[in-house]
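What follows is a short report on a single structure.
Every number here is computed from the coordinates shown, using simple stated rules; none is lab data. Note that the coordinates shown come from a computational prediction; the quantities given were computed from them, not determined experimentally. Because the Cβ atoms are built from the backbone with ideal geometry, glycine has one as well, and the counts that use them run over all protein chains shown.
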Amino acid sequence: MSSSSSDDFGSAQATFNSTAKSISTVAILSIVLSTIATVAIVVAIIYCLKRASKSIPSYAQVTIGQSDQAAKGRGQSKDYYGVADPAFPVIRDSDLEAGTMERFLGEIAREKPIRFAPQQLAGFTRDFSKVLGSGGFGVVYEGQFPNGVLIAVKVLNDSSGKRIEEQFMAEVGTIGRTYHINLVRLYGFCFDPTMRALVYEYMENGSLDKFLFAEPRRAIEWEKLQEIAIGTAKGIAYLHEECQQRIIHYDIKPGNVLLDTKLNPKVADFGLAKLCNRDSTHVVMSGCRGTPGYAAPELWTPYPVTYKCDVYSFGMLLFEIVGRRRNHDANLSGGSQEWLPRWTYEKLQKNELSDMISTCGISAENREKAERMVMVALWCVQYLPTARPNMSAVVKMLEGGVEIAPPPNPFGYLEENNILAVGLNSGSGSDADPSIQPSSENCSDTACLFKPAKKTIDIEIRSF
């Protein structure tokens with residue numbers, strides 16, 4: 001019996017040893033797998049962080065230490081805090097110096113405009129030492145971020161004035177929420193009791209008007225001018241048709257088309273721009289907008305206007321690209337060439353458009369493209385807004401994707417001496433088809449008649 005008990009004990013001991021060994025093996029495997037999983041997770045996190053850092057815009061990738069030296073050179077405190085606005089991030093000098101602050105990187109990655117302090121802009125511009133240009137609303141200075149990215153800082157005049165505040169809100173409220181390759185980029189702003197300023201990307205080649213009108217004339221190939229026209233049209237089309245809220249620029253002209261190092265165009269200066277709900281086809285305004293010579297006829301009347309006013313202005317810009325001159329030249333007073341758009345239409349009526357294009361110095365190999373651009377321009381400057389095409393159609397016509405029908409006379413209202421509000425808008429908000437010639441008969445309905453708008457202080461959006 002003792003022998004049997006000994007055998008049972010030996011068997012139990014063997015079973016226990018086997019079980020313990022199995023448990024040990026499983027524990028070891030579990031530890032090994034956990035270690036591998038932990039390493040994999042760490043590697044994945046590092047990889048994601050590296051990918052995230054690459055997606056941050058170049059102007060946000062601040063090199064550690066650069067800004068610190070710049071701040072010491074300016075004798076500024078690194079702990080300056082601006083007045084906070086909950087709608088926008090406030091960037092401290094320490095955020096710029098370190099370049100690793102999570103909030104800073106997160107806000108930049110989401111393309112929100114940054115709020116800078118006046119001291120920071122003074123540092124970026126070396127105390128506003130280099131002037132790039134000036135205008136009625138302010139002065140533009142050249143600057144540089146700590147990481148070497150060039151910027152243009154537009155300091156608005158009379159920071160307490162109502163018009164300046166309106167322009168400030170127009171620019172931040174429109175271009176601050178958009179991004180397109182053919183729109184100038186707003187990096188940030190300064191809103192301080194002592195300063196109102198806007199910080200843009202730097203455009204090395206300045207504005208288009210310097211290539212069209214400056215003497216001596218700056219060299220530029222015709223093919224590049226055509227690319228500039230198409231790129232500008234795409235930028236405006238984005239504002240009108242692709243933004244969540246339609247943006248009307250109101251001041252399209254060569255001076256507001258900026259060119260980068262490769263002469264790629266970007267629409268700029270949104271100081272007169274307005275957001276417009278897509279369901280509202282007309283905007284009632286209390287005062288004139290735009291620049292004489294480019295502003296659509298309806299902008300000078302007390303009647304509702306539409307986004308087609310930008311189409312008219314773009315048409316005037318096309319005439320100036322073809323002619324390499326301003327659309328109105330007082331030095332040619334008394335001759336038919338004084339007003340370029342009307343002279344162009346007269347040449348078209350006489351089948352002498354090729355002669356007009358040769359006069360503008362365009363070579364024979366580019367004549368067909370130039371004629372197409374002229375035809376598009378004549379459609380864009382139609383007196384009736386509903387007769388003008390939308391900008392997406394303009395892009396297709398300039399690119400040669402569609403045939404262009406002969407345009408009706410855009411200046412018939414001048415010949416008839418009958419400048420009436422009848423037909424300014426049909427009220428439908430429809431776009432013109434360049435294959436159909438509109439006539440005043442289409443506006444015989446009472447929907448084409450408008451009562452003068454009441455005097456208002458602010459812009460109103462009205463549906464018709």
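Centroid-to-centroid, using Cα positions, segment 293-315 and segment 115-154 are 33 Å apart.
For the residue pairs Lys154/Lys369; Lys130/Lys396; Lys210/Lys396; Lys162/Lys210, the C-alpha atoms sit more than 29 angstrom apart in Lys154/Lys369; Lys130/Lys396; Lys162/Lys210. Relative to the current alpha-carbon distance between Ala20 and Glu415, full extension at 0.36 nm per residue lengthens the span by 131.5 nm. From least to most packed, judged by other beta carbons within 10 angstrom and beginning with the fewest, Arg196, Arg218 follow the order Arg218, Arg196.
Can you give the translational diffusion coefficient of segment 153-254 in µm²/s, computed by Stokes-Einstein from the Kirkwood radius over Cα pairs at 37 °C and 0.692 mPa s? Don't jump to the answer; show the numbers that get you there.
Details: Rh = 15.6 Å.
My calculation gives 211 µm²/s for D.
Take Arg324, project a point 7 Å from its Cα along the Cβ direction, then tell me which residues of segment 360-399 have their backbone nitrogen under 15 Å from it. Only 360-367, 370 pass the distance filter.
In terms of the mean number of neighbouring beta-carbon atoms within 10 Å, the peptides 232-239, 176-183 order highest first as 232-239, 176-183.
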